[in-house]
Amino acid sequence: VGLKKYFSAGSGLWGRRKVFVKAVDGVSFEGRQGETLGLVGESGCGKSTVGMLLSGLHRPEAGRVFYRGQDIMKLDGRERRRMRRNIQVVFQDPQSSLDPRMLIKKAVGFPLEVNRLARGAEVTRRVEAMLAEVGLRPEHMYRYPHEFSGGQRQRINIARALITGPQFVVLDEPTSALDVSVQAQILNLIKDLQRRRGYSYLFISHDLSVIRHVSHRVAVMYLGRIVESAPRRQLFSAPRHPYTRALMAAVPTPDPTRRRPLALLPGDVPSPVHIPPGCRFHPRCSEALDVCRHVEPTEVPVGSDHWVACHLWGGGA
Ligand code: SF4
Ligand code: MG
């Protein structure tokens, strides 16, 4: 609720003024139990930072994170550690997130050991069971990361994130480094696990077709803010925000000759250091009104559970 995270980008060249990168600039949304909330936007829009705020890897400047009605910033040490186990993250790059010198058994069992959830033979048993759940075999425990393909390594990462039995999992571009065919397998695994175990996911991606495949609800992020959110079907059948529409127009079609690049959006992605006044999308918006240059639009409902922040839809109040 109202999340903000600014990073200091060093001091300004002239004088003492600090330069802040407004990576996340007032973001509110809710995820629902057993569902996937897809968070989509171009790279640099702050999606990953939202994931880190939710998982407690960063503390926000403002705003609060509630988990089952509990404000997670207010928890004390022990409760926070317990909460941490309930919220896990799977990152983008399978290659760099596993220690190359660590046996898979050790890597996947590690969260159990640091959290003192299991010891000795019990760790081995649980690692074996977890690997089976992600489609790997017991003998894989005694191999090193380099002996696996990218897709298998991402299965290992998922096993490591899930072994402590979390309820909420942040998946940050979990398939972006993979080939398309492998990507589909991992996405299906992620969905299967949710069906079997009831996980709630925040699925972060720059790829709308991936988001469409996995999400129950979708939030579209632009330069640190969520500009539109809706149930998946609603968003894809009736996108309202000009940015959402532009993203959809840029999604590759099945016919490769009709493939249109994202560069169709006029203008560069503005830097989060110099966020445009008014609607932050106005320099690239083909439908911008005069008011868009001065007044920041607020979120207004445009349908059942569908919100948009845009003056075209009356978000100027
Ligand atoms: Fe475009 Fe204005 Fe809507 Fe922003 S508020 S998306 S500039 S029409
Ligand atoms: Mg990212």
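The values are calculated or read from the model by the stated rules, or taken from the named source; none is laboratory data. A quick note: this is a predicted structure, and the numbers were derived from the prediction, not measured. Reconstructed Cβ throughout: ideal geometry from the backbone, glycine too, with neighbour counts over all protein chains shown.
Within segment 128-141, being within 18 Å of Ile190 (Cα to Cα) and in a helix (DSSP H, G or I) holds for Ala129, Met130, Leu131, Ala132, Glu133. In segment 302-317, which residues are surrounded by 13 or more Cβ atoms within 10 Å (Cβ to Cβ) and either in a strand (DSSP E or B) or over 24 Å from the mean Cα position of the chain (by Cα) (or both)? Listed by number, the residues that qualify are Val302, Gly303, His306, Trp307, Val308, Ala309, His311, Leu312, Trp313, Gly314, Gly315, Gly316. Among the residues of segment 163-184, those that are within 16 Å of ligand 2 (Cβ to nearest atom), in a loop (DSSP other than H, G, I, E, B) and surrounded by 23 or more Cβ atoms within 10 Å (Cβ to Cβ) comprise Pro174, Thr175. Of the helices (runs of 4 or more DSSP H) lying entirely inside segment 62-121, those carrying at least 2 residues that are within 19 Å of Met52 (Cβ to Cβ) are 77-86, 94-97. Which one is farthest from ligand 1 (Cβ to nearest atom), of the residues in segment 210-237 that are closer than 18 Å to Arg195 by Cβ and in a loop (DSSP other than H, G, I, E, B)? Per the criteria, the residue is His216.
Being exposed (fewer than 14 other Cβ atoms within 10 Å of the Cβ) and touching a residue at least 40 places away in the same chain (Cβ under 8 Å): is that true of Arg143 here? Show your work before the answer.
Values: exposed (fewer than 14 other Cβ atoms within 10 Å of the Cβ): no; touching a residue at least 40 places away in the same chain (Cβ under 8 Å): yes.
For Arg143, the condition - exposed (fewer than 14 other Cβ atoms within 10 Å of the Cβ) and touching a residue at least 40 places away in the same chain (Cβ under 8 Å) - is not met.
Within this structure, Arg85 fails the test of being of a type in the set (Lys, Arg), more than 27 Å from Val273 (Cα to Cα) and modelled with pLDDT under 75. For segment 267-304, the candidate set comprises residues that are modelled with pLDDT under 90 and among the hydrophobic types (A, V, I, L, M, F, W, C); within that set, the residue that is farthest from ligand 1 (Cβ to nearest atom) is Val273. If we scan segment 153-162, do we find a residue that is within 16 Å of ligand 2 (Cβ to nearest atom), touching a Gly at 6+ places or on another chain (Cβ under 9 Å) and under 27 Å from Ser43 (Cα atoms)? Within segment 153-162 (the criterion being within 16 Å of ligand 2 (Cβ to nearest atom), touching a Gly at 6+ places or on another chain (Cβ under 9 Å) and under 27 Å from Ser43 (Cα atoms)), the answer is no, since none of the residues qualifies.
Restricted to segment 38-68, and to residues that are within 16 Å of ligand 2 (Cβ to nearest atom) and surrounded by fewer than 16 Cβ atoms within 10 Å (Cβ to Cβ), which residue is nearest to Val1 (Cα to Cα)?
To start, the set of residues in segment 38-68 that are within 16 Å of ligand 2 (Cβ to nearest atom) comprises 38-55, 57-58.
Those left that are additionally surrounded by fewer than 16 Cβ atoms within 10 Å (Cβ to Cβ): 43, 57.
Details: Ser43: 22, Leu57: 17 Å.
Top of the filtered list is Leu57.
Each residue in segment 53-71 was checked for being free of Cβ contacts under 8 Å to residues at least 60 places away in the same chain and over 18 Å from the mean Cα position of the chain (by Cα), and 5 pass.
When residues in segment 272-300 are screened for being in a loop (DSSP other than H, G, I, E, B) and more than 16 Å from ligand 2 (Cβ to nearest atom), 19 of them pass.
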